[in-house]
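Have a look at the structure below before the remarks.
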Amino acid sequence: MTTTIAPLALLKSHFGFDTFRPGQEQVIQTLLEGRSASAIFPTGSGKSLCYQLPALLLPGLTLVVSPLLALMKDQIDSLQALGIAAERLDSSLDEASYRRVTQDIRGGQLKLLFVAPERLGNERFLNLIHGQRISLLAVDEAHCISSWGHNFRPDYLKLADSAKALQVERVLALTATATPQVSDDMAQAFDIADGDVVNTGFHRPNLELRVSACSAVERPALLEQRLHERPPGATIIYVSLQRDAEAVAERLVKAGFDAQAYHAGMRSEQRVATQEAFMKGTVPIICATIAFGMGVDKSNIRYVYHFHMAKGYESYMQEIGRAGRDGQPSICELLACSDDSTTLENFVYGDTPDPESISSLVTELLGADEEIDIAITDLSRRHDIRQLVVNTLLTRLELKGIIRSEGHYYGSIRFAQRQSSDAILAQYPQKQATFIREIFTCCSKARKWISLDIDQAISHTGQVRSVILRALDSLQDKGLIDLQLAGYRQRFRRLQQTVDLTVLCRELQDTFSQHEAMEISRIESMLNYARSESCLTTKLLDYFGEPIQPCGHCGICLGDPPALLPTRQQTSIENYDLSQFPALVENHRQALARPRQQARFLCGLNSPAVSAARGLRNNPHFGRCADVAFAEVLASCK
C-alpha cells in the first residue's frame with residue numbers, strides 16, 4: 001500500500017469512519033509529509049488512529065512503544081480483526097508465538113509492532129530489527145519522558161537516542177496529560193517543531209465534575225446513596241489500595257449492587273475475566289485500583305467515582321477521561337476526604353531512597369573498573385532501592401555524563417537441540433554450517449540443556465555477540481533448537497574518572513528529594529481542587545494551560561456549595577505497641593537497619609530487602625502504622 005491512497009479514503013475503507021476527529025488529520029498529514037509530530041488529545045479522543053492509519057500508508061514497519069500490556073493486546077485484537085498485520089513482543093508470549101512473530105518481522109510481513117520501552121535496550125530485540133526500515137516510531141504515554149511529569153519513567157529518556165540509532169524516519173509522541181512544560185520536554189526530546197505539536201485541548205463538555213466532602217466513616221454510605229439515586233450505568237469506582245477494592249465491592253454486593261473488584265494482586269485470568277465482563281456489560285460496576293482502565297476502550301461509561309483521592313491532577317484527568325467517550329453526559333464525582341493524603345503521601349515517601357542506599361550504590365558502581373557490568377535486580381536487592389528508582393539513578397548518572405550505557409545483554413544463553421548436531425548442520429550451506437559448528441564447540445551439555453560460553457564463542461569465531469545471537473535465533477526460527485536467554489544484565493562505561501562521590505551523592509539525594517516534594521505538592525493540589533469555590537472544570541484545565549470561562553456544567557456552576565473538607569484525622573504512632581519492633585530490627589539488619597527502612601516497613605510499604613527476607617512481610621508489624629503520617633513514623637525510628 002502506498003501514500004497515493006488518500007487518508008480519508010483509507011479511514012473509510014479500513015476503519016469504518018466517515019470523518020476524522022479533531023486533530024487527527026493534522027497529525028497524520030504531518031507524519032505523511034515526513035516530519036515528527038506530537039498529539040496531545042484527551043483520553044478517548046482517537047490518538048491511536050494517528051499511527052494506525054499512517055502505518056498502512058508508509059513503507060516498512062511502524063514501531064509502537066507503550067508501557068501498557070492491556071492496551072497492546074486490545075489494540076492488536078482490533079487491528080487483526082480489520083485485517084491489519086499487527087503483533088506484539090512481550091514476556092507473556094509463549095515460545096511458539098515468539099518464534100512466529102519474529103519470523104513475521106524478518107519477513108517484512110508486519111505493519112505494526114507493539115513493544116514496551118525497555119525492549120529497545122534489549123540486545124536480542126535490537127538484533128531482530130537490525131536492518132529493518134522503521135518508518136514511524138509511535139511513543140504512547142510520552143509524558144513519561146519528562147522528569148516534571150506525573151509518571152516519569154527512565155526508560156523513556158533513552159527513546160530519543162534509540163530512535164536515532166535505529167534510523168527511525170519520524171516519531172509520533174502521544175499523551176492525554178501534558179502540562180505546557182511536559183509538552184516542551186516531549187518536543188525537545190524528539191525534535192518536534194512547534195507547529196507540529198497538535199493539542200486539541202482537554203475540555204470535555206459532556207463530563208459533569210462534582211465534589212462531595214465526607215469523612216472516611218461517612219464515605220461508604222455516601223457512595224451507596226449516589227448509586228441508588230442516579231440511573232444505572234457502567235461505573236468505575238477508584239480506590240487507593242487493593243484491599244479497599246475488595247472491601248468496597250463486597251459492601252456494594254451486600255447492598256444489592258452487581259459489583260466486582262479489580263486490582264493487580266488478583267490472578268491474571270481473574271483480572272481478564274472481570275475486565276471482559278465489564279466490557280460486555282454483564283458486570284456494571286468495577287471497584288478498582290488504578291491498575292484498571294489503561295487502554296480500556298469502553299465508550300459508554302456513565303460514572304467515575306473517586307472513592308479515594310487521585311494522586312494529582314494528571315492522574316485525575318486520565319481517570320475521569322474514561323467516562324463518556326461516546327459524547328453522552330457522564331458524571332465524575334470525587335468523594336473528598338482529607339484523610340486520604342496520609343496513604344498517598346506514604347507511597348511517595350516510600351519511593352525515596354535514603355542517603356546510605358544512594359551512597360553505597362554509587363560507590364559500588366564508580367569504584368569498579370571503567371567497564372561496569374550489573375544486574376538491576378541484584379543492585380536493587382543489595383542496596384534496598386526499588387528497581388524503577390535504581391533505573392532512575394542510573395539515568396541521572398548518564399545525564400550528568402558520568403557513565404554511558406553500552407546496552408543490555410543476557411548473561412546466560414542455553415538451548416536444547418530438537419535434532420542431532422549433524423542433522424542441524426546439514427540444513428545450512430557449508431560456510432554457515434562451519435560457523436554454527438564453531439559455536440557448538442564453545443558449549444557444555446547437561447542432561448537436556450546446552451550452555452553457551454558467549455565470551456569463548458566470540459574469541460573462537462572472531463564474531464561479535466550480535467552475529468552469534470542471530471545465528472542462534474536462526475536455529476530457533478527453523479525449529480531446530482529451543483532457545484532460552486536469561487540473566488538480564490546491563491553494561492555501562494565510566495566516562496569521568498575523577499568524581500567527588502560526596503558531592504555527587506548529595507546532588508542525587510537532592511534530586512530525589514525535589515521529586516518527592518513535587519509529588520507531595522500534587523497531592524495538595526487535589527485537596528485544593530476539592531475545596532474549590534469556583535468552577536471545577538476551569539480549575540482543572542488551568543493546570544494544563546487551557547484557560548476557559550466557567551463551564552456551566554460542573555457542580556459549582558450548577559449551584560453546589562464549595563466542599564468543606566473535615567479536618568484531616570491522623571493517628572499518632574503513640575497509639576501502637578511497638579515494644580517488640582527493636583527485636584525484629586535486630587534480627588533483620590539487612591532489611592530494617594536504617595530509619596527509612598523501618599518507617600517504610602511500619603507503614604506497610606514493601607521494599608526489595610523486605611521481599612528478600614523470608615516471611616518478613618507476614619510479620620504483624622508490617623503495615624501496623626499505615627494510618628500514621630510517614631514523617632512521624634520516620635522521626636520515631638532510630
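Since every read-out is calculated from the coordinates, none of them should be taken as a lab result. Here the structure is a predicted model, which is why all the values come from computation and not from measurement. As a convention, Cβ positions derive from the backbone with ideal geometry for all residues, glycine included, and neighbour counts pool all protein chains shown.
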20 Å Cα-Cα threshold exceeded, pairs from Lys73/Lys298; Lys73/Lys111; Lys47/Lys111; Lys73/Lys478: Lys73/Lys478
Centre separation in Å (Cα based) which lies between the range 610-633 and the range 413-467: 49 Å
³J(HN,Hα) computed for each position of the range 207-216 - Karplus, 6.51 cos²θ - 1.76 cosθ + 1.60, integer Hz, glycine/proline x: 9, 9, 8, 9, 10, 10, 6, 6, 8, 4
Under 11 Å, Cβ to Cβ, from Thr392 - net charge with Lys/Arg +1 and Asp/Glu -1: 0
Relative contact order for the range 573-636, counting Cα pairs under 8 Å that sit 6 or more residues apart, in percent: 36 percent
Cut-off under 5 Å, modelled amide H: who pairs with Glu208 long-range: Ser330, Ile331, Cys332
Cα gyration tensor, the range 37-173 - rounded (a/c under 1.5), prolate or oblate: rounded
Charge-dipole axis of the chain as Lys and Arg at +1 and Asp and Glu at -1 on Cβ define it, positive-most pick from Val304, Ser97, Val253: Ser97
The range 408-493, relative contact order [Cα under 8 Å, separation at least 6], %: 49 percent
Protection-proxy order for peptides 447-458, 367-378, each taking the mean of Cβ atoms within 10 Å per residue, highest first: 447-458, 367-378
Unit charges on C-beta of K, R, D, E only; dipole of the chain, Debye: 1640 debye
Per-peptide average of other Cβ atoms within 10 Å, ordering 536-549, 53-66 highest first: 53-66, 536-549
Positive-end residue of Gln188, Pro355, Met72, charge dipole of the chain with Cβ unit charges: Met72
Karplus (6.51, -1.76, 1.60) ³J(HN,Hα), θ = phi - 60°, over the range 309-321, in Hz, Gly and Pro reported as x: 5, 6, 8, x, 4, 4, 5, 4, 4, 5, 6, 6, x
Charge context of Cys637, other residues only, Cβ under 12 angstrom, K/R +1, D/E -1: +2
About the Cα centre, charge dipole magnitude for the range 408-493 (Lys/Arg +1, Asp/Glu -1 at Cβ), debye: 200 debye
Computed magnitude of the charge dipole of the range 7-199 (debye, nearest 20; Cβ of K, R +1, Cβ of D, E -1): 420 debye
Cα Rg, Dmax, the chain, angstrom units: 26.5, 83
Per-residue HN-Hα couplings for the range 461-477 [Karplus 6.51, -1.76, 1.60; θ = phi - 60°; Hz; x = Gly/Pro]: 8, x, 10, 7, 3, 4, 5, 5, 5, 5, 5, 5, 4, 4, 4, 5, 4
Per-residue [θ]222 nm for the chain (sum of -39500 (n - 2.57) over DSSP H runs n ≥ 4, rounded to 500): -12500 deg cm²/dmol
Under-5 Å amide H pairs with His306, H placed in peptide plane, nonlocal only: Tyr238, Glu333, Leu334, Leu335
Computed over the range 7-199: relative contact order in percent, which uses C-alpha pairs under 8 Å that are six or more apart: 30 percent
Lys/Arg +1, Asp/Glu -1 at C-beta; the range 573-636 dipole; positive extreme among Val610, Asn575, Gly623: Val610
Theoretical gain in end-to-end length, Met518 to Glu370 [0.36 nm per residue, Cα-Cα removed]: 49.8 nm
